[in-house]
Amino acid sequence: MVTTLIDLDNFGPQAEAPASAPQRLTPFTKRLAAAGVALLCLLMLGAGGGDPQPAITRVAQVPITVTTELRPAGDLLMIVDTGSVIAFDQETARPRWSLSAGLVRPAIQIQGGLLTVVGYAESQRGSLSTVVLDPATGAEKWRAPTSLMVLGDLAIGQSRFGFDGGSTGETTVYDLDGHVIWSRLGLAPQQFFARERRSVITLDPAQGKVTEYDLSTGAIKRELTDPLLVGAEGVFASREVGFFRRDEPVLEWRGSAIVEVDNQFAIAEARERYDCVVVWCDGLFGRTDLVDKQTGTSLFTAGPWSAAVGTDFGVLGIAMNTDTGGGGALEFYDTTRRRLVRLPTIWQAIGLQPTGEPMVKRGPLILLAPGPSSTYVAVIDKGGFRVVGSVPDQHMAQCSSEGYAFSCRTQPQTLSVWRVN
């Protein structure tokens with residue numbers, strides 16, 4: 001298959017526009033944008049000669065129900081319906097295993113390498129449970145009587161919050177094999193789980209008391225009671241610990257004292273650092289600094305981004321829509337070529353699950369854009385961004401991808417699977 005490298009840095013004003021607030025798309029501008037993408041895609045694909053191999057092959061069509069939930073999980077496509085879970089091979093659409101999780105209204109979650117089914121336990125009305133599964137066989141590995149939050153190599157469960165706004169129920173920290181590391185009753189109501197500090201910081205605003213626990217052991221690292229903390233509305237942390245108050249200066253925990261901070265952003269100047277595969281992503285108030293892992297030098301400062309995705313080929317950012325606060329156009333920083341590629345707003349990446357922290361997507365990224373009578377398909381891989389072809393379906397929903405295979409709900413009761421050749 002002959003493909004053309006698409007360098008949107010040099011393709012017209014739409015690609016070279018400076019970073020600014022994305023414009024709202026009216027129905028007319030959406031049609032105009034779709035027509036523009038169609039022309040762009042046709043130019044990129046080229047006329048060609050003879051009968052070349054199709055750029056995209058439909059692998060299968062799988063019947064599903066209207067209520068089916070679809071979730072990607074590595075090389076699996078998980079289908080959840082009426083209490084059962086079926087795992088399909090994402091590339092071939094062949095079923096691998098199925099199970100009944102014994103939960104009411106089950107939902108698939110993938111966090112930090114754990115494949116879980118979360119739902120209400122049939123035997124405990126109103127109580128959430130989490131079942132951790134083996135992706136290869138669907139066998140249950142372990143179970144927790146709560147929902148779970150994965151933070152690095154730890155999984156955190158909390159039984160419930162008190163309805164009176166008081167302390168939590170029981171907080172339990174597990175390793176990823178389900179062994180309980182520590183458990184504690186009645187943590188203060190305001191909490192912040194600090195990944196980089198490996199701590200949980202709790203605040204009791206009624207008592208003005210703050211406590212920092214070691215996330216690995218449950219031991220108290222330090223605690224303090226101060227009248228300045230009475231009535232504080234929130235606690236946060238990066239490398240420092242801070243507290244929000246209504247219409248008053250931000251507070252910082254410095255040694256054995258709580259002090260007021262004139263610059264409300266000063267505490268967060270110590271950035272959170274995330275592994276974005278080929279670079280470090282240092283995050284600060286929507287801006288993302290891409291740092292070379294070898295030299296420690298900044299390659300590019302992007303943003304504001306509402307989300308970032310680390311890949312084997314660079315970092316994909318979802319530009320923040322300053323009008324709505326949500327996501328906008330896609331921007332891809334190509335670490336091989338050391339340049340930023342801004343994509344037309346109509347392109348959307350699939351197979352991503354925003355979590356509020358930079359995500360990781362190994363292998364190629366697949367993107368879709370609606371055309372006049374079909375959907376155009378592009379990939380981001382070692383060749384950069386390139387359009388590879390189109391599929392004849394226009395209504396694509398609940399899409400996921402693994403490698404060069406991708407699947408979408410194309411009809412209310414049809415799941416279609418394709419492969420980029």
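For the stretch 48-59, the criterion of being under 26 Å from the mean Cα position of the chain (by Cα), closer than 30 Å to TYR376 by Cα and modelled with pLDDT of 75 or more is satisfied by no residue at all. Restricted to the stretch 356-408, and to residues that are touching a residue at least 40 places away in the same chain (Cβ under 8 Å), crowded, with 16+ Cβ neighbours inside 10 Å and among the acidic types (Asp, Glu), which residue is farthest from ILE110 (Cα to Cα)? Checking each candidate, the answer is ASP381. Looking at VAL250, VAL235, just one residue is in contact with a helix residue (DSSP H, G or I) (Cβ under 7 Å, 6 or more places away or on another chain), at negative phi and surrounded by 14 or more Cβ atoms within 10 Å (Cβ to Cβ), and that residue is VAL250. For the stretch 103-116, the condition of being exposed (fewer than 14 other Cβ atoms within 10 Å of the Cβ), on the phi > 0 side of the Ramachandran plot and within 21 Å of the chain's Cα centre (by Cα) holds for at least one residue.
Scan LEU187, LEU176, LEU215 and give me the residue that is of a type outside the set (Asp, Glu), surrounded by 14 or more Cβ atoms within 10 Å (Cβ to Cβ) and over 24 Å from the mean Cα position of the chain (by Cα). The conditions single out LEU187.
The values are calculated or read from the model by the stated rules, or taken from the named source; none is laboratory data. None of the values given here were measured: they were computed from a predicted structure. FYI the Cβ positions are ideal-geometry reconstructions off the backbone, even for glycines, and counts take in every protein chain you see.
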